[in-house]
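Structure, as structure tokens:
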């Protein structure tokens, strides 16, 4: 018996040796090395900038650089010291450089950065108390607002037609064009606000047809690829914890120039509006999902998403908590479709 066990152990060792011999040290490991995830956190190189003056109007950019010992979640916020404009980068890379930290003057929170003002970047780490601060950057030329795309509305045209609707039980304080707050762009924006005291599903909303926005029956794109068509808009939040926004994209599946809720598809996207100020929201239409509301777009006649057949867009305000008497609301400004990449004002 002892002799048999010895032979078996030898066979096992030989098999293990053959397996190890067949492994190449040059094979790429999948994912980050363990030391990148579980090593000791250190800042190996402080935050630096590639330039301290920048002319965004001439296409110049600023690259931020820093080096960490491990991968860990971080957020970099670039703030205009005069305008209060804010650009946010987020990642978990330990080598902070290149595309993940290259700034072209665009914003995440409105307003836009101004010519002549200074900006400062700060990096904070989710799991560590450390922070990094850059040198000040003087903006000698502001980034121009990009042109192109398919504008849904900037809410500046008093003649543009909208479909404004509300549930009867909702105590609505506003659902229309406003100018009390500084707009993200221009002077006006649309605002919805009120209190849902009966625990209803939707509370109020705004519809913008393709005819109203573009003069055409369907929103006109040069591609039908849902991965390449982006919806973008500035959304104003008050930090109200129960405020949800649902964006409906209604399709004219049979191309008869109308939308029939019980027969044709609605694809939607939900956003929890829990921030304060004007934030740019962007997503490709590939991230939208078929409506789950019975009789309201949950039956798609063609059985597929067709972005070139979008005939109407609805912005809906939801009170997540229901019957909590907490006010909910958000603003919308400069809603636009872009192709190939998100809107970068």
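The values are calculated or read from the model by the stated rules, or taken from the named source; none is laboratory data. These numbers come from a predicted model, not from an experiment. Note that each Cβ is placed from the backbone with ideal geometry, even for glycine, and that neighbours are counted across all protein chains shown.
The table that follows gives values for the structure above.
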read-out	value
Some residue of region 326-333 being more than 27 Å from residue 182 (Cα to Cα), assigned by TED's automatic domain parsing to the domain that holds residue 275, buried (at least 18 other Cβ atoms within 10 Å of the Cβ) and within 21 Å of the chain's Cα centre (by Cα)	no
Strands (runs of 3 or more DSSP E) enclosed by region 152-266 - at least 2 residues per element that are more than 24 Å from the chain's Cα centre (by Cα)	163-166, 170-178, 189-196
Residue check, residue 79 within 22 Å of residue 144 (Cβ to Cβ) and in the same structural domain as residue 46 (by TED's automatic domain parsing)	yes
Residue count, region 63-82 (criterion: surrounded by 15 or more Cβ atoms within 10 Å (Cβ to Cβ) and either modelled with pLDDT under 95 or touching a helix residue (DSSP H, G or I) at 6+ places or on another chain (Cβ under 9 Å) (or both))	8
Residue in region 13-27 that is surrounded by 13 or more Cβ atoms within 10 Å (Cβ to Cβ) and either under 15 Å from residue 131 (Cα atoms) or modelled with pLDDT under 50 (or both) present	no
Residues of region 296-325 satisfying the condition of being assigned to a loop (DSSP other than H, G, I, E, B), under 28 Å from residue 108 (Cα atoms) and under 22 Å from the mean Cα position of the chain (by Cα)	320
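A quick yes/no check of all residues on (1) surrounded by 14 or more Cβ atoms within 10 Å (Cβ to Cβ); (2) closer than 26 Å to residue 184 by Cβ; (3) in contact (Cβ under 8 Å) with a residue 60 or more places away in the chain:
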residue: 259; (1), (2), (3): yes, no, no
residue: 267; (1), (2), (3): yes, yes, no
residue: 277; (1), (2), (3): yes, yes, yes
residue: 280; (1), (2), (3): yes, yes, yes
residue: 289; (1), (2), (3): no, no, no
